[in-house]
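Read the structure below first, then the notes.
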Amino acid sequence: MNKIFQDKVSLVTGGGSGLGRATALAFGRERAKVVIADFSNEGGEKTVKMIKEAGGEAIFIKTDVSHCEEVNELILKVIERYGRLDCAFNNAGIGQHPSLTAEYTKETWDHIISTDMSSVWFCMKHEIAHMLKQGAGAIVNMASGAGLFGVPGMSAFSASKHGVIGLTKTAALEYARAGIRMNVICPGPISTEGNKAQVSAHPELELEAKYVAIVPMKRFGRPEEVAETVVWLCSDAASYITGIAIPVDGGMSAQGFTQED
Ligand SMILES: NC(=O)c1ccc[n+]([C@@H]2O[C@H](COP(=O)([O-])OP(=O)(O)OC[C@H]3O[C@@H](n4cnc5c(N)ncnc54)[C@H](OP(=O)(O)O)[C@@H]3O)[C@@H](O)[C@H]2O)c1
């Protein structure tokens, strides 16, 4: 532990589980004051407890990031409590049940787009407003390998993640001279609660074996491997890096995300 975020304030959305929790713990280890936003009370409070037990500082603010006004309230509460916001990991999101493009209901489509893409814009909109006043800040958004390639049966999810990449790159250009860096990560399959639930919901698709088969490293990633990438991107060690989309995927994107039928 190098305490590289001492006196800094980090926000992690979806911090009550999986990649958000692993990243919140990593920020806590580096002594950031960590704000966990999630709509799961139980998960959010558990992450706070884990950070405090490790000697860090954290609070939980219940938020549904798919509602712009709730996100506005979240950021106002962060500023009210700590007076600043240095880093944000806009991570909260959902997977989807496989569906062909023409077979989505409008409700399902809207739900995925609002949770996986619009939510990221809501967060950026309110985070940037405060970071501009500080003249500094670092934002990392969550996309996916599905934001780099098409994935049959996942068009809403893939469209959302492609959108997050375009949004991040564009905003990074707009705010490059304002001292705010913005990057996006594109994980391959990572062992999280969310991923396990998706895999086990469709045993007939044998998704676990299929994922392992298409990853050159022949294994799922660990949440900590994503967390370390996010913390590094938010740190001064990445001070000249903005507007990039980084795969964290065991080499999957290097081979073009080859998929079996
Ligand atoms: N795991 C992977 O293989 C993988 C790969 C690529 C990208 N990703 C992306 O990584 C992100 C996190 O995934 P994960 O695997 O860590 O999932 P996870 O274990 O399900 O964690 C996601 C967390 O976000 C919360 N959440 C969902 N919708 C929310 C909303 N509208 N407002 C606030 N919180 C919300 C969930 O709450 P509930 O538990 O109450 O639903 C959960 O605590 C997602 O954006 C996902 O698309 C994951």
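For the options ILE112, ILE241, ILE128, a Gaussian network treatment of the chain with springs between C-alpha atoms closer than 10 Å singles out ILE241 as fluctuating the most. Once the Cβ-Cβ distance between GLU224 and GLU193 is put in as r, and R0 is 22 Å, what FRET efficiency do you end up with, to the nearest 0.05? Efficiency, from the Cβ-Cβ distance: 0.90. Out of the total accessible area of the chain (probe 1.4 Å, heavy atoms of protein only), what percent is carbon and sulfur? It is 55 percent, rounded to a whole number. In the chain, Cα pairs under 8 Å separated by at least six residues give a relative contact order of 19 percent. For ALA254, project a label point 7 Å along Cα to C-beta. Then give me every residue of the range 177-206 with its amide nitrogen under 19 Å of that point. Those under the cut-off are 185-190. The antiparallel fraction among DSSP beta bridges confined to the range 73-227 stands at about 0%.
For the pair the range 120-145 / the range 181-239, the C-alpha centres are spaced 22 Å from each other.
When you filter the trypsin sites (Lys or Arg not before Pro) in the range 1-75 for DSSP loop state and at most 14 other Cβ atoms inside 10 Å of their Cβ, you are left with LYS3. Database remark: amide H of GLY243 closer than 5 angstrom to the amide H of MET182, ASN183 (H placed geometrically; neighbours at sequence offset of 5 or more, or on other chains; Pro and chain starts carry no H).
Placing +1 on each Lys and Arg Cβ and -1 on each Asp and Glu Cβ, with no other charges, gives the range 158-261 a dipole about its Cα centre of roughly 340 debye. Do any GluC sites (Glu not before Pro) in the range 187-261 lie in a DSSP loop with no more than 10 other beta carbon atoms within 10 Å, and if so, which? Here the sparse-neighbourhood loop sites are GLU260. CYS68 contributes an accessible area of around 40 Å² to the protein surface, as traced by a 1.4 Å probe with all chains present. Between GLU69 and SER235, the simple spin-label model (points 7 angstrom out along Cα→Cβ) gives 4.1 nm.
Qualifying trypsin sites (Lys or Arg not before Pro) in the range 142-221, where qualification requires a DSSP coil assignment and no more than 15 other C-beta atoms within 10 Å, comprise LYS218, ARG219.
Model label sites at LEU76 and ASN2, defined 7 Å from Cα along the beta-carbon direction, differ in position by 3.8 nm.
Taking amide H as placed 1.01 Å from N in the peptide plane, the amide H of LEU11 sits under 5 Å from that of VAL35, CYS87, ALA88, PHE89, each at least 5 places away or on another chain.
Dividing the helix sum by the residues of the chain, where each DSSP H run of 4 or more adds -39500 (n - 2.57), gives a mean residue ellipticity at 222 nm of -13500 deg cm²/dmol. For the chain, the extents of the C-alpha atoms along the principal axes are 51, 35, 35 Å, listed from largest to smallest. Straight-line reach from LYS133: taking Cα to Cα under 26 Å and skipping same-chain neighbours fewer than 8 places apart, the lysines in range are LYS3, LYS8, LYS33, LYS62, LYS77, LYS125, LYS169.
The values are calculated or read from the model by the stated rules, or taken from the named source; none is laboratory data. Note that the structure is a prediction, hence the values are computed from the model and not measured. Here the Cβ is made from the backbone with ideal geometry for all residues, glycine too, and neighbour counts use every protein chain on show. Heavy atoms of the whole protein, side chains included, go into the accessibility calculation; ligands, DNA and RNA do not. Shrake-Rupley method; radii C 1.70, N 1.55, O 1.52, S 1.80 Å.
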